[in-house]
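Everything on this sheet refers to the single structure shown next.
The values are calculated or read from the model by the stated rules, or taken from the named source; none is laboratory data. Keep in mind that what you see is a predicted model, and the values were worked out from it rather than measured. Neighbour counts are summed over all protein chains in view; Cβ atoms, including those assigned to glycine, are modelled from backbone coordinates with ideal geometry.
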Amino acid sequence: MRVNANSSDFSNNHRSETECEASQNSELETTQCENGYLARNIEQELFSAQTDMHNLKSADERIAELFELMKPQRKVLLSILNSCYEKQPVHEINLLVATVQKDNVSVYSAARFCLLLEEAGALARCTYDDDSLKMAVASKPEADFEDCEDYYDVDKPNKVLWLTTLEGRAFVEADNFQDRLLALFLEEETYLPIYKQVLTLCSREEGASLSDISGAIKESPLLKEPPLHAAYFAEKLEKSDALVWKKSWHITDTGKEALLRLGDVVYAQTEDAREVVS
């Protein structure tokens with residue numbers, strides 16, 4: 001009898017513990033669900049607030065912000081805006097972006113670039129007939145057969161084109177590669193000899209790889225403190241339109257003009273010198 005009673009007590013205790021554990025798990029899951037719901041709501045509210053703040057900014061501010069956030073894609077964005085001074089169909093923009101990105105593939109598609117520019121206020125959709133997008137309007141024709149249900153026949157929509165806005169044009173016209181390159185040289189005057197070396201290497205017919213550039217500048221006393229690498233200078237020159245990537249770094253017309261300006265720049269004579277002699 002004692003064995004049966006103990007067995008029953010054990011069973012009851014085990015069942016109570018199992019039920020208690022299940023209850024706790026259920027409460028935990030409920031809490032986690034509630035917390036997850038609250039977290040999602042907070043994220044949505046934050047995103048909504050950020051969107052509202054973004055929309056409160058002027059088109060000029062939004063365009064400048066977009067270009068600042070997408071510095072590596074500056075050339076593509078500017079190419080699209082320049083091309084769309086006249087209305088351009090989607091397939092032409094696709095071809096343009098594919099050409100610009102031929103040797104520098106991006107995760108962004110032509111459509112995504114256009115949507116970002118549109119959101120910023122630099123690009124607008126339009127049709128052949130108007131400067132604003134016309135939506136197709138449904139028309140209700142007469143029924144072709146007796147005893148058939150009425151139906152709506154949607155007119156074929158006009159082909160969508162992209163057109164640079166006035167704000168987009170203003171940004172393009174204010175964006176001067178030569179001014180930006182001059183500002184770079186003034187800001188980083190200490191490194192003018194390095195920029196000259198990089199541009200000289202990239203003026204070769206075959207261009208220069210990062211390894212080529214690194215090998216040429218790595219022993220320079222100018223780069224000991226702070227330590228800077230080849231990619232730093234190549235990217236700075238690319239953003240100023242002095243270099244372009246075509247399976248290797250190549251000098252542009254802007255870069256050639258810059259190289260002429262740097263013609264007399266030489267290294268200082270002392271090991272730890274930081275001044276540029278020109």
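Among residues of the range 59-93 being modelled with pLDDT of 90 or more and in a loop (DSSP other than H, G, I, E, B), the one that is surrounded by the most Cβ atoms within 10 Å (Cβ to Cβ) is 84. Taking every residue in the range 79-94 that is under 15 Å from residue 125 (Cβ atoms) and pairing it with any residue that is among the β-branched types (Val, Ile, Thr) and part of a helix (DSSP H, G or I), at least 6 positions away or on another chain, the pairs with Cβ-Cβ distances below 6 Å are 81/172. Every test in (1) without any contact (Cβ under 8 Å) to a residue 24 or more places away in the chain; (2) not in a helix (DSSP H, G or I) is passed by residue 206 save one, and that test is (1).
Residues in the range 94-105 that are among the polar types (S, T, N, Q) and in a helix (DSSP H, G or I): 2 in all.
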